[in-house]
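Data first, discussion second: the structure below is written as structure tokens.
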Amino acid sequence: MKIQFHGASREVTGSCYVLEADGVRFLVDCGMFQGGREARDKNYAAFEFNPREIDFVLLTHAHIDHSGMLPRLVAEGFSGPIYTTQATAELLQIMLRDSAHIQEKEADWGQYSRGRNSRKARDTEVKPLYTLDQAEVCLGQLQPVVYDADLSPHALVRCKFREAGHILGSAIIEVWVDDAGQHKKLVFSGDLGNAGQPILQDPAIIESADVLLIESTYGDRLHKTLDQTMDELVHAITDTLKRKGGNVIIPAFTVGRTQEILYLLYDLTRQGRLHDLNIYVDSPMATSATEITMKHIELMDTEARGLMQWLKRGQNVPQVRFTQSVEESMALNQIKGGAIILSASGMCDAGRIKHHLSYNLGRTECSVLITGFQAGGTLGRRLVDGAKIVRIFGRDVPVRADLYTIGGLSAHADQAGLLSWLGHFRKPPHHTFIVHGEENVAFGFADLIRENWNWHVEVPGYKDEFEL
């Protein structure tokens, strides 16, 4: 039995792992790399394995850095089932179509730009990573599964999807594989959420594994407590809207983060800490994701269900408007103050958020709230790192707005949360692999695990292979 690492290895995006045993080969996740030219080159590079030889895919959750290469995998010959939770399958209906639309538009723009620059460039076709038609074929291969139920995708493999608490439908996957008479258990953490955070259930407790893959996105830091985070959020909003009279711009991932921020704004209004809010959700995909979230109340925690009852009563509820058309989105740029605008993408690298930043970053009365991880090379990361000027749509934009980095809203467990989850293992796994973290973070987190428990820990590199 062996495992190959084709992404999220000493970096955060591109999760993709190939498991090979006696008579079976399968993937766990098939995600897109994000963050600059190097990421684009990796996405367009040929797969290091033959998609036709993959028997099935297990998918932890819907985020594009875990799912975004599935249509290309299918286009290049993979014809097997893709197993994931029901909620993830529903979210992928919007996310993979949207991703394909972006790929096609970027290819059209690339072709146009090349054609303007030279005759030779016009003769070179710019192809999308995959098309909408290819995404549709991929969606037809999704096989929804139920949390905590046994699944046998192959005669040699049994698996179980467990709650990860990261976003709606996210899963830790337990996998049992028979290989040449040996029985091994592998655990893929996926992205682990924060215990005690609003809306979703806490991550499931796992007590054993022969092989463990654990994410390390925030393996080097501690988040603020939820109380501290709420204080910071209330201050940022009231200071901007009431004292300075500007707008609050919130780049937010369409799945998970947008719904969590809406939940918190509702809850803070119910508590009387915020008043008279005018909220705009400027992302058609986030609107669809919110509708899907509301369908899955059974996956929410007790507090979230209580808030849903308050919303149904409709007393002193904030005004929330979901924009759809381009014209509605453009109209938001005429609002000079008093608005909270949530828009995608969460790392500020694409979508409508770039327009809102272009109109508001240069205004001292406005604020930008960063509420999620920002990968290296992204516009969001440059803002977090303190850039004074950023380039948006070919124009230099001064950064004069206040910038708040509210880490306590992260959908990823922090260092303490990761260690707490690991602390439930009754004995050390034979192999522990640190994935989904920037290189220095992953190595540091590996050292911390060795110091705490003396486990055998590896930090795999891109394309590394290990015998198990």
Check your understanding: Pairs of lysine in segment 136-246 with Cα under 27 Å and at least 8 positions apart or on different chains: total?
Key -> 4
Practice item. Kindly provide the pair-distance distribution of segment 183-278 built from C-alpha pairs, with 10 Å bins from 0 and whole-percent values in order of increasing distance. Key: 12, 36, 28, 15, 7, 2, 0
Study note, to complete from the structure: Exposure proxy check on Asp108, Asp178: fewest-to-most Cβ neighbours within 10 Å is Asp108, Asp178
Practice item. Mind jotting down the distance between the C-alpha centroids of segment 260-327 and segment 193-253, whole Å? Key: 17
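Counting Lys +1, Arg +1, Asp -1, Glu -1, what net charge surrounds Leu419 among other residues with beta carbon under 14 Å of its beta carbon?
-3
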Point to revise | Equivalent ellipsoid semi-axes, segment 27-72, via Cα gyration tensor eigenvalues times 5, rooted, Å | key: 19, 14, 6
Revision key, fill the gap. Around Leu383 (Cβ within 13 Å, Cβ-to-Cβ, excluding Leu383; K/R +1, D/E -1) the net charge comes to +3
**Study point:** Under the Karplus curve 6.51 cos²θ - 1.76 cosθ + 1.60, θ = phi - 60°, whole-Hz ³J(HN,Hα) for segment 204-212, x wherever Gly or Pro sits
**Key:** 5, 7, 10, 10, 7, 6, 7, 10, 10
Check your understanding: Exactly which chymotrypsin sites (Phe, Trp or Tyr not before Pro) in segment 297-400 are in a DSSP loop and have at most 11 other Cβ atoms within 10 Å?
Key -> Phe393
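Evaluate Rg over Rh across segment 384-468, taking Cα atoms for both radii and Kirkwood's formula for Rh.
When Rh is taken as the Kirkwood radius, the ratio is 1.15.
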**Study point:** Sequence of Trp421, Trp176, Trp109 once ranked by neighbouring C-beta atoms within 10 Å, starting from the fewest
**Key:** Trp109, Trp176, Trp421
Point to revise | Sorted largest first, extent of the chain alpha carbons per principal axis (Å) | key: 69, 61, 40
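How charged is the neighbourhood of Pro153? Take every other residue with its Cβ under 14 Å from the Cβ of Pro153, and add Lys/Arg as +1 and Asp/Glu as -1.
After counting each charged neighbour, the total is -1.
Taking the Cβ of each residue in Cys159, Cys30 as the centre, tally the other Cβ atoms inside 10 Å and list the residues starting with the fewest.
Numbers: Cys159 25, Cys30 30.
Lowest count first: Cys159, Cys30.
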Study note, to complete from the structure: Cα extents of segment 237-299 per principal axis, largest first, Å, are 38, 24, 14
Revision key, fill the gap. Check: C-alpha center segment 389-445 vs C-alpha center segment 45-95, spacing in Å is 24
**Study point:** Rg and Dmax of segment 226-409, Cα atoms only, in Å
**Key:** 15.8, 47
Check your understanding: By DSSP, what percent of the beta bridges with both residues in segment 149-244 are antiparallel, rounded to the nearest 5?
Key -> 85
Check your understanding: How long is segment 139-229 along each principal axis, judged by its Cα atoms, biggest number first, in Å?
Key -> 52, 31, 21
**Study point:** Spatially proximal lysines relative to Lys127 (Cα-Cα < 28 Å; intrachain offsets below 8 disregarded)
**Key:** Lys42, Lys105, Lys354, Lys463
Check your understanding: Just for the chain, what percent of DSSP beta bridges are antiparallel, to the closest 5?
Key -> 50
Practice item. Pick out, from Val175, His235, Gly190, the residue whose Cα sits farthest towards the positive end of the charge dipole of segment 170-239, with +1 on the Cβ of Lys and Arg and -1 on the Cβ of Asp and Glu. Key: Val175
Exercise for review: Would you list, by chain and number, the lysines whose Cα falls below 17 Å from the Cα of Lys312, excluding same-chain residues fewer than 8 positions away?
Suggested key: Lys295
Check your understanding: Rounded to two decimals, what ratio of Rg to Rh does segment 5-105 give with C-alpha atoms and a Kirkwood Rh?
Key -> 0.94
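Since every read-out is calculated from the coordinates, none of them should be taken as a lab result. Keep in mind the model is a prediction, meaning the values are calculated, not measured. No Cβ is skipped: glycine too gets one built from the backbone with ideal geometry, and neighbour counts run over all protein chains shown.
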